[in-house]
Structure formats: C-alpha cells, structure tokens
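Nothing in this text is a laboratory measurement; each read-out follows from the coordinates by a stated rule. Computed from a prediction, not measured in an experiment: that's the story for all the values here. No Cβ is skipped: glycine too gets one built from the backbone with ideal geometry, and neighbour counts run over all protein chains shown.
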Amino acid sequence: MKFDKRFLALLTAILLSLSLTACLVPKEEDGQVTSAPADTQNQGANAFDFDGDAIAIELGSVKIKATDVVNMFDSYMSMFSSYSGTINAETVEQCMSMTEDEMIRTYVPLWKAEELGITLTSEEELELDASAHAEVEEERNALLCQFAYYYGAIDEIPEDASSLTQEQADVAINAINEQLAQMFHEGFVFDDYLAMEHDNILESLRIERLTDALKATLNTDSLDPEEVDAWYDKTLAAQKATYDESPLEYFYDAQGLDVDGAVPVLYVPDGYIRVQVIQLTPDGEPDEKIEANATQMKDLEAEYGELALNGENPERQAEIAEQYAALKAENDELENSYYSDVRTKIDEAYAALEGGASFEDVMKTYNGSADNESGLDERLVYIKDADPRNGSLGDYAKDLEPGTYSKPVLVDGAYVIVKLIEVVKEGPVDRASIEEDIRIAALTALTEETWEAQFDEWYTDAMEKAVFHRETYEMIKSQYLPSDQ
C-alpha cells in the first residue's frame, strides 16, 4: 500500500529530531484553528484565524474543505521551496493554480457519477469500508512499531505491534499523540488520526471504484480490424526504436519485469540468446586474500611490463617474477579450497550429461537449492555488450550451437555448464502467435484513450461549473506570504 502524506510526515518528524519545520498543517488553539507554517516558508507572516472547515470548492454536491486544499497545496509549496528556497507571491499563485486543477481532477468522478446516477451497492460499500479498515490497521501497526523503536521502548523495529508490551505500546502512543498535537491541535490523538485516515482512504477507494464504473460506460467493447492494425503498427515502431537504441529494455519487457505487462513484446533486437544453466556457487564468501593478492599481482604485472619494455633493472624483474609466482601459488591454493566442493559436483554433473542424462534432469539435481535463481528456467542473455543480470555468462554460450552445452567453467564466482537453447531471431515477433494478446492490448489502449478524452471533457465542464470560494483561497494563501505582500 501507499501510506499517505500524514503517515510519512509522522515518520519524518522522528527522523528530523522531532522538528516539524517542514509541516504546514493548521493548528487549533483555544477553539480557533490557526496556521502553523514553517519558519523557513512563513517569512514573517503573522498568525491569523484559520477555518479548516471552510468550503473552498463546490462541485455539485461535492464540497471540498480548506483542510483538503491545504494538504495538496502544501505538497506543491514544499516541492517548490525545496528547489528555490524562497516563497513569493508568484510561487504561491502558481502552487494554488496547480492545487485547484488537481482538486477538480480528483473529484470529477464523484461529481460525474452522481450526475449520471451511478452509485455503489451496499455490498460494494461494505467491501471498500473493510479495505479502508485493513489499510488503517496496517498503518496503525507500522506507526506503533516505528515510534516504540525511535522513542527507545524497544531495541529494534518489530514486524508486528502485537509483540509490543502494553508499556511499550503506551510509549509509542504517547509519542504519536505529542506529534499529532503539534501537527493538528491540542487534544487531537491517535484514534482521531486513525478515524480521519479511514475516511480519507475510504473516499479514495470510492473514487477509484466509481472511476472504474464510469470507464465501464464507455462504448469500447469491440475493435475494427483497422484499429487493431493501427495500434500494432504504432506499437511495433515504438518498440523497435526503443529496443534498437537500448537493447536491455527488451530483456525487462520480455521477462515480464516491466510494470506495464499488458502490452505484448512485438519486436526482438539483435544480440539475444536463450540458455539453460547448471550453476553451483560455494557457500560463504571467498577469502579476502584472493582479491588482495589479485590486485597486487596486477600491479606487479604492470611494473614488470614497464621494466621489460625499457630493458631496465633485471634484478627487480627477477624479484617481481618470484613475488608474482608466490602470490599466484597462494591464490591457487585458496581458490582450490574455496571451490573444491562445487568443482567436484560440477564435474559430476558434466559426467552425467556425457553419460546421456537430459540437461533438465541434471539441472533439477544440481540446482537444487531453494534460493537458486536459475532453477529450471531458461535465461535470456544479451551477448553484444555487458549484461547486468547475467554478467559474462554469454561469453561462454554465444559460440555454441543450439542444443549443445559447454564444459564446466568458472563464471562470476560460480561454476556453470551452459546450454544454448536458441539464438533469438531479430525482428518482429510472429504476429499470428500473439494475435489475441495484440487484440486485448489494443482494446485496453483504445479504452484508455477514450477514457482520457472523455475525462478531459468532464474536467473542462467541471471547471466551468465549480464554485470557487475565493475568500477561502485568500485565507490559505495568506499563510505562506510575508506580511508586506
């Protein structure tokens, strides 16, 4: 889940040594809500009455309060001040314009759903309420654990607040209440915060659900073949340009590691092979002397080469040769000790292959550890340049014929036997093999384009019909300006 701004603000308060200088949240004193802007942003502004319940925007029956506007406006102001370090009237106006735009965009679905008579069923409302409750419980749990740790009640952050004693939980709750009183007003406690979070999360979930309901009203259930072709041609051209320029992007998309997994891969750049790997890695870490000796050996090689090239100091050359031989002998012994077990096993695996066992069966036997990433899966390896996920593995596979495998070889700290499955053919993927995926992706893209166009129309209409209470805006903006502006 994504914790909201207030949750992050509470944790930030701890990390900033309980300083709330970055927080611009209204604070109540003696029954009146007054501004508590940060000194670095306030620039000398005088405190004045702030009514957090004042209506800032009315959009149909949707009423947006000053506190809602402040939360979003503060985010923009914090962003601007972090870059420029100063706040002036122009900055305030710009941030307020951005806030106004974002608030309307946020609440358009509530407004339009009501206009169109789209409502949620009682079952859906109960489902969303349960989801909001679960998110709030997760947040409550995280805050208790974090505050109990940062305020010294426990020595490390636990996974669950249920492990806290009542005394430890009380330390956390008291600390949270102290922070909330500064962020909001005296008497505002953890239960109030959690109730407010529940309402905010529930509203967000309702907006998401109503957005889905509004999208369902769009007439995009079918596609003409011409529309599918147009989407295919456009997407193929875009993927070709991307993958030819940055071939590693293909790896992440082809492996399904990209966030947008709805779009099928239509094009393959040059330079990819598909392999299977028997991989054995020693337990523990190698002796640090191995790396230290290797570094020293490189230095000796450089020194020896320079002396030999210039025909200088044969005594030193002989001395270097002796030192180098000693270091190499030590490293050979250390490496033999470190790799002896896995080298024996990889030789056994190779013998099994040579005896007629299938590569898959040998993989299953020798890649047996639960945390071994290779498992029985095929690997997609890039061989034209560095491959961040597979290291130099491709160097030992690229010269094989499909269906053949290498002898055991030490690659990037592991002994491997690599089998070449295929050289992945460059160019467009056979369209017939993924036609249904193409149709679904094209329909999804068309639906999104149609939705965006429809939403823009509704947004324009909402901006015209919304009632903006400028006096509320002026009250908010005044908190962030010097008194002479």
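Near residue 268, the amide H atoms lying under 5 Å from its own belong to 427, 429; only residues 5 or more places off or on other chains count, and H is placed 1.01 Å from N.
The distance separating the Cα centre of region 379-395 from that of region 407-485 comes to 28 Å. In region 161-305, if the dipole is taken from +1 on Lys/Arg beta carbons and -1 on Asp/Glu beta carbons about the Cα centre, which of 276, 223, 264 is farthest to the positive end? Highest projection toward the positive end goes to 223.
What is region 244-400 by shape, rounded, prolate or oblate, if you read a ≥ b ≥ c off the alpha carbon gyration tensor as root eigenvalues and call it rounded for a/c under 1.5, prolate for a/b larger than b/c, and oblate otherwise? In terms of gyration-tensor shape, oblate. Straight-line cross-link partners of residue 465 among the lysines, defined as a Cα under 21 Å from its Cα and at least 8 positions apart when in the same chain: 63, 65, 112.
Is the shape of region 260-338 best called rounded, prolate or oblate, per the rule: a/c under 1.5 gives rounded, else a/b larger than b/c gives prolate, else oblate, with a ≥ b ≥ c the square roots of the Cα gyration tensor eigenvalues? Note, shape of region 260-338 comes out oblate. Our summary gives region 277-423 a relative contact order of 31 percent, counting only alpha carbon pairs under 8 angstrom and 6 or more residues apart.
With a Förster radius of 25 Å applied to the C-beta separation of residue 288 and residue 389, the computed FRET efficiency comes to 0.45. The Rg/Rh ratio of region 129-244, with Rg taken over Cα atoms and Rh as the Kirkwood radius over Cα pairs, comes to 1.30. For region 277-423, a crude dipole built from +1 on the beta carbon of Lys and Arg and -1 on the beta carbon of Asp and Glu, taken about the Cα centre, is about 540 debye to the nearest 20. I'd like the FRET efficiency for residue 61 and residue 138, computed as 1/(1 + (r/R0)^6) with the beta carbon distance as r and R0 of 35 Å, rounded to 0.05. My answer for the efficiency is 0.65. Counting 0.36 nm for each residue step from residue 334 to residue 86 and taking away their Cα separation leaves a gain of 83.3 nm.
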